[in-house]
Every structure is written in C-alpha cells, then in structure tokens.
Amino acid sequence: MSEPSLEVSDLSFSYPDGHQALKDVELHVHHGERVALLGPNGAGKTTLLLHLNGILRPSSGTVRVAGLEISDESVLEVRRRVGLVFQDPDDQLFMPTVGQDVAFGPANFGVEGIELDNLVIEALTAVSMLDAVERAPHHLSYGERRRVAIATVLAMKPEVIVLDEPTSNLDPASRRELVEVLHHLPITQLVVTHDLPFALELCPRSLVMDGGHIVAGDATVEILSDETLMKAHRLELPYRFDPKDAGY
Amino acid sequence: MAIPRQAFWAHALAACLLLGVVILAELPPAFVVKRMLVEIPILIFALLLPFYGRGETTELAGVTLSVEGLWGAWTILAKATLGLGASIVLSATTTIPDLIRALERLRVPNVITAVAGFMVRYLDIVAGEFSRRRIAMASRGYEPRWFWQAGPLAQSAGSLFIRSFERGERVHHAMVARGFTGQMPLYGDRAATGREWVGGLSVPTAALVLAAVAIIVLR
C-alpha cells in the first residue's frame, strides 16, 4: 500500500501534571481516506489532534505525516501538510476579513501575490464561501464561519485535514451543507465527532478511542452496530436510529 | 487645530467644511449627533473655566467672568467639536480593516496593528459573552441597583478575563497550526488609487489652507 497520510505509532503522552492522556496510540490513515475518530468526552481525542501537527510533542512514540516524522526541523512543513480545523471557529478566524484569514496560512509559508490570491479564491470556492471574502468573520453565521475555518486550512494545500467536532452547534441545514462540502473535498480527512450519524454518512471507517487508547477500528457501520462495544465506551445513537438501515 | 483662536470666521468656515463632508458622506444626522454626545463631559469642564480662570475679568449679565477662562472655554468648545466631528466622519466612512491596513502601510509597527486587529475581532465576542452572562444572572433574579451589589458582576468580569485569556491560547494554537512563527503576514495590501488620494487629501488640505489664511490675516 502507498505511504499513509497519517501514521502514528506507539504514541504516549503525559501532561506536565502527570496525567497520562494518551498511551500506545496506533493510527494509520491512508491517502484519500475519510476516517472518524469516536469516543466519549475526556478520551484524549483533542490531545491526539494536537500531536498530529506538533503543537504537543509525544512523551514517546512517533507521528509521521506522508512519511515525514515530526521533529524540530520538520514541524513547520508538518503544519502545512496537516490542516487542523478547531472546534470553535472563533478561535480559528482571527483576522479582520475572511480573505485575510484564508491567506494567513499560505502567507506564513511564503506564498504571495497572484498565487496567494488564487489560493484564497480556490479555498473559499471549495466551501461555497467566495462571496464572503471581504466580510468580517463576526458578521457571518456560525455555519458560514465553520466553512470558512475549513477554507483557512485548505488554502495551505494540506495532505490531510483534521476536524475537531465539525458539526457541533450547527443547525440541521448548516450541518447538511457541511456534509456536502466535506463529501466533495478530494482530500484525506480525519474527523473527531460525537455525531454518529454524521460519522456514518461521511466516513467509511471509524476508530474508537477511550482512556487515551484506540480500542477499536472497523467499518463505521460495523462499529455502530456493535452494541456491546458502543455501550462499553459511552457511545449512543439517536433514538431509533439503525445504522444498518440508514442507507449509506 | 492650527487655526488661531481669535479667528472666529475661520472656525465657522471649518465647521461648514465639516458639515459639507457629513452631507456628502450621507451620514444620518441622528447618527452623528448621538456620537457627538461623548463630548459632553469635556464641554461641562470647558463651561466651568470662565468661573475659575484667573487674571483680567469682565462682566457679562452681572456675572464676573475671567477673560482668559472665556478664551479657554471657546478654544476647547471649537476644537473639540471640530476634531470629534472629523473623527466621526473618518470612522463612519472607512472600514476598520481598511484603517488597520492603512496603518500597516504607514509603517506602524506590526505588533500594534496586529493587537488592534485582534481587539476589533474579539471585542464583539467578549461583549457578547458578557451580555449573555448578564442575561443569565438577571434570569436568576440578579438585578444590581447599588454599588454594593456589584460583587457578582465583578467576579463575572474576572472569570471573563480568564476565559478570554484561554481563548487567546486557543487562538495562538490555531495560528501556530497554520505556520505562524511570530511575524504577521501582510495580505490584501494595495496602494490607494489616485482618486482615493484626491478624495482623502481634499478635506485636510482645505483645513490647512484655512488655517494658513487665518494665521496670515491675523498677523
């Protein structure tokens, strides 16, 4: 098989206060794959995400992005390759206008002029937000801000995008628009979510994380149908939702 | 600002100029008047000056007033009103992102323009958070009327500070995640067009000419 987009092996991490948040995490995401990362609150999902682009560094183990291992020298290139979309779009969008915000990433990597303009246009078009290029982020709806946040990482032409709870706080219509946008992005995606129908709709494969450990990995429909596994890790489907019958 | 204080006519002309710009910019009068209200404390101070000024005095309707104080009051009144009016026009006709970009082009240090940009971006969010808390407090029966009831409000401001600080940390993570290494990149930077230069310079030039004429006439 080709080089995995994301390859985490034997990753362990303890916070300075001694709390071990991750232990022996193994994770492989292949090129073009969409994978959901499921698990209860406090399972260590967000901590794992912060390792994927070197904001946190492992106590032991390695993280590789398209073959490149994270080190002091490679960390900047890793950050270009891994587009992290944070949970709260207000954390992600900090520039005065949408266009400037989308340009922030590629400009940090030295892109400028027409090439930068084109990246901004391309990224905003991919999330259907080109009309907002001159607008201020705080004048957009929550769903629009979420889509712009995705554009801000697409503009860096990453190898993989990693989304933290992308459907939280979205109304059903914004959620559907987001699913459509992500479905049409031809790029590797790792999605952390509590929204299990969303995981089923978007990601053929899922991983379950609990207690800082990956406890299961399988086709999403199989995971969601395994009642014992679901119960053991505090995962619950919406009332009367049958994953085998959902038609994905 | 440079118009000599004796030149009443020049101040009147400057006021006409300002009024003309307000009309040209199609600013609603109520909008301008509302924003002029911040001037009130300064005006009160100015109006007190003639009563407390020293030196030569004069009688006006039976009240003894200081001549120097009267001049002081007039100067503050005229300059504050004109200055405030001009800044209202500027802020109403220029978007904040444009102002910040302009400051960047004027070589104001990057750190200062970045801080100004962040302030503009997050002021709304922090204010929104604060007003949601006030509503949540009011919903549970907290309606402060007196100073000694302000405790919870102050505590709320404190925890808001902590939350904003944490948000700052998250924003920094988001910046680092997109390759930020300590220098804000410039983007959307463009030179002003000739028309914009003419438009932008017309009012200051007119004011400058007015001041120069006033100084020469009074010599």
So how compact is the stretch B:1-71: Cα radius of gyration and Dmax in angstrom?
16.1, 46
Rounded to the nearest Å, the spacing of the alpha-carbon centers of the stretch A:1-23 and the stretch B:85-101 is 49
Helix B:67-93 sits off the longest principal axis of the Cα atoms of chain B, rounded to the nearest 10 on a 0 to 90 degree scale, by 40
Mean Cα-pair separation over length for chain A, i.e. relative contact order, pairs under 8 Å, 6 or more apart, %
26
Estimate the FRET efficiency between A:R176 and B:E56 by the formula 1/(1 + (r/R0)^6), using the beta-carbon distance for r and 60 Å for R0, to the nearest 0.05.
0.15
Roughly what would the spin-label model give for A:L237 and A:L130, points 7 Å off Cα along C-beta, in nm?
4.0
Going from the fewest other Cβ atoms within 10 Å to the most, one would list A:D195, A:D10 as A:D10, A:D195
Compute the long axis of helix B:151-177 from its Cα atoms, compare it with the longest principal axis of the Cα atoms of chain B, and write down the angle in degrees, 0 to 90, nearest 10.
70
By counting other Cβ atoms within 10 Å of each Cβ, how are B:Y122, B:Y52 ranked from fewest to most?
B:Y52, B:Y122
Residues of B:114-127, mean number of Cβ from any other protein chain within 10 Å of their own Cβ, rounded to a whole number?
3
Any chance you could list the semi-axes, whole Å, largest first, of the equivalent ellipsoid that the Cα gyration tensor gives for chain B, using √(5λ)?
41, 31, 16
Restricting to bridges with both residues inside the protein assembly as shown, how much of the DSSP beta-bridge set is antiparallel, in percent to the nearest 5?
60
Checking rank on A:151-164, A:120-133, with mean other Cβ inside 10 Å and highest first, the result is A:151-164, A:120-133
Roughly how far apart, in whole Å, are the Cα centres of the stretch B:112-161 and the stretch A:186-237?
39
Residue-count net charge about A:K23 - beta-carbon cut-off 13 Å; Lys, Arg +1, Asp, Glu -1:
-4
With the contact rule set at Cα under 8 Å and sequence spacing of 6 or more, what percent relative contact order holds for the stretch A:1-83?
35
Show me the ranking of peptides A:205-212, B:78-85 by mean Cβ neighbours inside 10 Å, starting with the highest.
A:205-212, B:78-85
Ellipsoid equivalent to the stretch B:111-199 - semi-axes via the Cα gyration tensor, in Å
38, 20, 10
For the stretch A:8-109, what's the radius of gyration and Dmax over Cα atoms, in angstrom?
14.9, 42
Per residue of A:83-90, count partner chain C-beta atoms within 10 Å of its C-beta, then hand back the mean as an integer.
4
Find, among the GluC sites (Glu not before Pro) in the stretch A:21-80, those assigned to loop by DSSP (not H, G, I, E, B) with at most 16 other beta-carbon atoms within 10 angstrom.
A:E73
Per-selection Kirkwood Rh - the stretch B:147-197 (Cα, Å, 1 d.p.):
15.0
Let me have the relative contact order for the stretch A:70-201, percent, based on Cα pairs under 8 Å that are six or more residues apart.
32
Over 5 Å intervals from 0, what percent of Cα-Cα pairs in the stretch A:100-228 sits in each interval?
2, 10, 19, 20, 17, 13, 9, 6, 3, 1, 0, 0
To check my understanding: the extent here is largest minus smallest coordinate of the Cα atoms along each principal axis. What are those three numbers for chain A, in Å, largest first?
54, 44, 39
Cα convex hull of the stretch A:164-232: how many Å³ per residue?
100
Report, as an integer, the average count of C-beta atoms from other chains found within 10 Å of each Cβ along A:54-60.
1
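Starting from the Kirkwood radius over alpha-carbon pairs of the stretch A:109-169, derive D by Stokes-Einstein at 4 °C in a medium of 1.567 mPa s and give it in µm² s⁻¹. It would help to have the intermediate numbers written out before the result.
Numbers: Rh = 12.3 Å.
Result for D is 105 µm²/s.
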Hull-based mean projected area of the stretch A:51-91, where the convex hull spans the alpha carbons, in square nanometres
3.3
The set of residues whose placed amide H lies less than 5 Å from the amide H of A:A216, leaving out same-chain residues fewer than 5 positions away, is A:V208
Student exercise: in the protein assembly as shown, how many lysine pairs 8 or more apart or on different chains have Cα atoms under 20 Å apart?
4
With 10 Å bins from zero, work out the P(r) of the protein assembly as shown over every alpha carbon pair and list the percent per bin.
4, 15, 21, 20, 15, 10, 7, 5, 2, 0, 0
Expressed in nm², what is the orientationally averaged projection area of the convex hull enclosing the Cα positions of the stretch A:1-60?
4.6
Rounded to the nearest 500, the 222 nm mean residue ellipticity computed for chain A from DSSP H runs (n ≥ 4, each -39500 (n - 2.57)) alone is -10000 deg cm²/dmol
Regarding the stretch B:18-113, what is the average projected area of its C-alpha convex hull, in nm²?
9.2
Separation in nanometres of the label points that stand 7 Å from Cα toward Cβ, at B:V217 and A:E227:
9.5
Interchain or sequence-distant (5+) residues whose placed amide H lies within less than 5 Å of the amide H of A:V191 are A:V35, A:A36, A:L37, A:L163
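Read-outs throughout are calculated quantities, based only on the coordinates presented, and are distinct from any laboratory measurement. The model shown is predicted, which means the values in this text are computed figures rather than measured ones. Every residue, glycine among them, receives a Cβ derived from its backbone with ideal geometry; neighbour counts consider all protein chains shown.
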